[in-house]
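Beneath this line is the structure, given in structure tokens, with notes to follow.
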Amino acid sequence: MAKQTPTPDTNHSNLDQRKASILEAVVAEHVDTAQPVGSSAVTQNAKLEVSPATVRSEMVALERQGYLVQPHTSAGRVPTDKGYRYFVDHLKAGKLGAAKQQHIGDFFASVRGEVEDVLEQTATMLSKLSNYTAVVLGGSSSTAPIVSVQLVNLDAHHQLLVTVFSDGTVLKHSVIVDFEVDHNDVAEASKQLNALLHGTTTADKVQVPSRQDDVATMVRESVAVLHAERPTHEGEQVFIGGSSKVAESMDGVDNVRNVLAILEQELVVVSMIEEVLAEDVAVKIGSENQLETLASCAVIVAPVTVEGETVGAVGLLGPTRIKYSELMATTRTVSEHLTRHFEGDKER
């Protein structure tokens, strides 16, 4: 069930440097250990020149302000969504380690195939690299302008229509006619198709020739086949890598089952990613997510842009207890490489 998305708290003026350092230490320790964090661990890790008693007092204050919570009867505390939000909002831009940068660079240097293959392989690579579930969205060919069209003669009655879009998408369709055609007619039909369709989208109406010769018939049949393309799920291509990672990273059988159910609904996944993009944030944390099912999850997203237009996105889904700096840097690096990959395809 959808619910109203709470606006992240941006009024952090009530956190002085000491409280901020203590909160950062609690987050870092909890991410590493998955256990409630006590004042002694904070005193050691935050490198504060104050006593554990002072740290305990500050942690109580942070709890009253909603940044920490004390689970059950534990002496330690864990961050709330508000605590994670403060931590993320005050993170310095993370930098990916050399080994992972090299891994991503090598992947994009060698990946080949049509855009769908590249997106699917990217999702798998990102999941393996991060150990979390990865989501990669590709744009809709219905909204991307056509760059080129070519008819390839397979036999006397069967042609292959190859259409390249500005976002890198390549669609292939069979065009079958009930008369025999020669190579010259196919070449002329390709020329006319390019003149007719270049710069249009599959949603645009075009004026096809009404002549009854073989070339005009191939042009009409090709346009009809291409415009019959009906993108699914509001036009977005969805590729999910590492769904099994949900079971490894999330707590609770019901929680795992519910998140997996969400991942099976591609339209919901698209909405989840687009919600983050629309609000121009890099991460949604816990209750900030629109879906109650994701109240224990963090969603990290980076857009993929070509010529200033968002044509897709790269995302990671995990528990709120994740290494935000590293994973935000990972997601951003993959999105940048994917952008350059598509821009390179256009140049070629």
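The values are calculated or read from the model by the stated rules, or taken from the named source; none is laboratory data. Just so we're clear, the structure is a prediction, and the values are computed from it rather than from any experiment. When we count neighbours, we look across all protein chains shown, and the Cβ atoms used for this are built from the backbone with ideal geometry, even at glycine.
Some values worked out for this structure:
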| read-out | value |
| --- | --- |
| Qualifying position, being touching a Gly at 6+ places or on another chain (Cβ under 6 Å), assigned by TED's automatic domain parsing to the domain that holds K323, farther than 30 Å from N184 by Cβ and not small (G, A, S), among I273, I262, I285, I240 | I273 |
| Single residue of the range 55-75 satisfying the filter (of a type in the set (G, A, S) and modelled with pLDDT of 90 or more) that is surrounded by the most Cβ atoms within 10 Å (Cβ to Cβ) | A61 |
| All positions within the range 205-249 that are at pLDDT below 85 and charged (D, E, K, R) | E229, R230, E234, E236, E248 |
| Index of the failed condition, K172 passing every other in (1) closer than 16 Å to H337 by Cα; (2) out of contact with any helix residue (DSSP H, G or I) (no Cβ under 8 Å at 6 or more places or on another chain); (3) in a strand (DSSP E or B); (4) not aromatic (F, W, Y) | (1) |
| Subset of the range 207-217 (residues that are closer than 14 Å to D185 by Cβ and in a loop (DSSP other than H, G, I, E, B)) | P209, R211, Q212, D213 |
| Failed condition for Y86, given (1) out of contact with any helix residue (DSSP H, G or I) (no Cβ under 8 Å at 6 or more places or on another chain); (2) surrounded by 15 or more Cβ atoms within 10 Å (Cβ to Cβ); (3) closer than 20 Å to C297 by Cβ | (1) |
| Every residue from the range 294-316 that is over 13 Å from the mean Cα position of the chain (by Cα), surrounded by 19 or more Cβ atoms within 10 Å (Cβ to Cβ) and not aliphatic (A, V, I, L, M) | S296, C297 |
| The one condition in (1) in a helix (DSSP H, G or I); (2) farther than 26 Å from V111 by Cβ; (3) among the hydrophobic types (A, V, I, L, M, F, W, C) that A298 fails to fulfil | (1) |
| Sole exception among (1) part of a loop (DSSP other than H, G, I, E, B); (2) over 23 Å from A298 (Cα atoms); (3) of a type outside the set (A, V, I, L, M, F, W, C) for Q35, by number | (2) |
